[in-house]
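Here, each number is a calculation from the coordinates, and none is a lab measurement. Keep in mind it's a predicted model, so treat the numbers as computed, not measured. Heads up, the Cβs are rebuilt from the backbone with ideal geometry, glycines too, and the neighbour counts pull from every protein chain shown.
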Amino acid sequence: MDKEPAASGLFALKFRSLLAGVLLLAGLLRIGAYVNAAAMDPTFHFVTAADSTVYLEWAGRISGGDLIGDRVFFLGPLYPYFLGGVTAVAGDYALFFIRLAQALLGLATVLLVAATTKRLFGPGTALLAALIMVLHPYLLSLEQKVLIATLAVFLNALGLWLLVRYKDRPTLPAVFLAGLSLGLAALARPNILLFAALLPLWFLVLSPPPRLRFTLTRTALLLAGLAVVILPVTWRNLAVGGDFVPVSSSLGVNLWQSNNPLARETTSMISRELEPHPGIMEADAVRIAEEARGRALKPSEVSRYWQDRAIALARKEPGRTLGFLGTKLSFFFLGVEQPSNYCFALERRQVALYRFLPFTFAVISPLMLFGIFLVLHRRRDAIPLVLLVAAYAVVLVAFFPQGRYRAPILPAAIPLAAFAIVWAAGLLRARRFRVFLAAATSLLLLTVVTQYQVLATGLGFKHDDLKDRYSLIIQCNDGLFLMDRGAFAEAERCYRAAAAENPESILPWLGLADLGDRQGDPDAEAAALEEVLRRDPDHVPALVNLGRYLYERGERERGRALIRRAAEVAPGDASIRELARRLE
């Protein structure tokens, strides 16, 4: 099925009216999500997630006048500056206005996706894509969180819209504007740069003779737009830190966190060396790298140290590395949202509104893959959608396809899914039943291949989705956002299921220790820390916390011994050395 006829006259008015209705529904759902989440979550008006607290502290410094900072960026800087602008205006009501601003970005994203899809596939497909965006519960949930994902989704939608406008009006300024938007997206998440690197392939497909000159000219303008946005940040990093870091220096650390032996064991971004908290991880990464190299290191050298460790491990164990990358590729398409800051699976069970919104990634993923097939065979002008999905697949397989990292592909994935639905509906209208049956069979096969774990749980082959190796530990990690008795019981059940499923893993016992601490039960915390040390005798936080507990309870000699051991394992940590000295 080819592109639908262009909307004009009365039909254009009908399209705008229907799109306005979709936007009205989007606004009502956002109000409902806010009210529903606020009613069921006692911590809704506070921020507890690790990344969120780091972003807000950074935004506070920016709104307080520290616009430049004094060190190389470790994280992408755009989101903290966005938050800083909101907090500077909102004051004590910052969290409410951050959520309001992100809700407005969500509405703008719906409009951009509709506009992009309309130009590529026609108004009917555009309305369907906008509706799917509106009925995606994870996007609504993300807008309530102080996380970069909503801004990244919006910027990707903006970049795609500018690129599609270029297709219809192939002027040189249009390419430059697309480069500017992708540069902004890179300041939020640098992984978008791989997408930018793939775009010359699209220019080549669209180019008239002479092809090479056409492609090189467009590529140069795209790079110029990127450079206008990124080079000031690169210069700033060089000026304040004396180091050439184009955007941020966390690549090597994240690569290690995503591919080390404990990450393979738990399928989570975690290692035995580094705490998975951005406010702590940066300092620990620097300390360990400098101890290993025996000298002070620049941020780029610290990143290279961890990158080299990850590459060395991959070379040492190529079979296990390829197997793990294959597992992560299957996670990229899997319909379970894999968070690292909060448990969406638990939140969806608690927030009634989210349970009734149907378009999760389990539905979108196979339709997206079918849409990619159609685009490659029928609609090469829509190739940027395919390239965005491909770029994120490569980057997130190298790292982890966690829900908030995967969300930025939705401005491409949803138009592809909507195109597949409308194309299949066109086969039925044309009474091409044989082709429709073949397409339906292919789609069913894609669903089985990509959603095998979701289907197995739904059909009862798995007794409990918490027993699924993929979602087991991830779903209980940071799953205490409700902070009430029911949530504690749910989290404890999840952690103990995780411990039974993976008896050698320390992660569920760390969760139980955190649970004991939050509930004010030091005995439960200590028992869980004992289990951590039984599996990993050199786990520094467990040594310190259990040592303090035993010392205060009267078992002073064992408490001192544990603190001394922590000081030996982490000799560069002055605070542990001081604690050991005070307890002697």
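For the chain, what does the helix formula give at 222 nm: sum of -39500 (n - 2.57) over DSSP H segments with n ≥ 4, over the residue count, nearest 500 deg cm²/dmol? Write out the running numbers ahead of the final one.
Working: 30 runs with 437 residues, N = 584.
Counting only the DSSP helices, I get -24500 deg cm²/dmol.
What order do you get for 240, 22 when you list them from fewest to most C-beta neighbours inside 10 Å? Walk me through the numbers before you get to the answer.
Values: 240 14, 22 21.
So the ranking, lowest neighbour count to highest, is 240, 22.
Of the listed values (i) 30.6, 100; (ii) 25.1, 85; (iii) 23.9, 71, identify the label whose number matches Rg and Dmax of the Cα atoms in Å calculated from this model.
Identified label for the calculated read-out: (ii).
With unit charges on the beta carbon (Lys/Arg positive, Asp/Glu negative), name the residue among 152, 110, 354 whose Cα is farthest towards the positive pole of the charge dipole of the chain.
Of the candidates, 110 comes out farthest on the positive side.
Along segment 110-121, what does the Karplus equation 6.51 cos²θ - 1.76 cosθ + 1.60 (θ = phi - 60°) give for ³J(HN,Hα), rounded to whole Hz, x for Gly and Pro?
4, 4, 5, 5, 4, 5, 4, 5, 4, 5, 8, 10
Between helix 211-241 and the chain, what is the angle of the helix's C-alpha long axis to the longest principal axis, kept within 0 to 90° and rounded to the nearest 10?
Approximately 30 degrees, to the nearest 10.
Which order results if 264, 404 are arranged by neighbouring Cβ count within 10 Å, fewest first?
On the way: 264 18, 404 24.
Taking fewest neighbouring Cβ atoms as first place, the list is 264, 404.
From the residues 28, 225, 64, which one has its Cα farthest along the dipole of the chain in the positive direction, the dipole being from +1 and -1 charges on Cβ of Lys/Arg and Asp/Glu about the Cα centre?
So the residue furthest toward the plus end is 225.
Assuming 0.692 mPa s and 37 °C, estimate D for segment 68-218 with Stokes-Einstein, Rh taken as the Kirkwood radius over Cα pairs, in µm²/s.
On the way: Rh = 17.1 Å.
Rounded, D is 192 µm²/s.
What does the charge add up to near residue 546, with Lys and Arg as +1, Asp and Glu as -1, over the other residues with Cβ less than 14 Å from its Cβ? The partial results should precede the final answer.
On the way: positive: 534, 535, 548, 553, 556, 558, 560, 564, 565; negative: 514, 517, 523, 525, 530, 531, 536, 538, 552, 555, 557.
Here the count lands on -2.
Are there trypsin sites (Lys or Arg not before Pro) in segment 70-130 that DSSP marks as loop and that have at most 16 other Cβ atoms within 10 Å, and which are they? Please list the in-between numbers first.
Working: sites: 71, 99, 118, 119; in loops: 71.
Of the trypsin sites (Lys or Arg not before Pro), the ones in loops of segment 70-130 whose Cβ has at most 16 other Cβ atoms within 10 Å are 71.
Return the FRET efficiency for the residue pair residue 234, residue 558: r is the Cβ-Cβ distance, R0 is 45 Å, and the value is rounded to the nearest 0.05. All intermediate terms of the calculation are to be shown ahead of the outcome.
Working: r = 52 Å, r/R0 = 1.15.
The pair residue 234/residue 558 has a calculated efficiency of 0.30.
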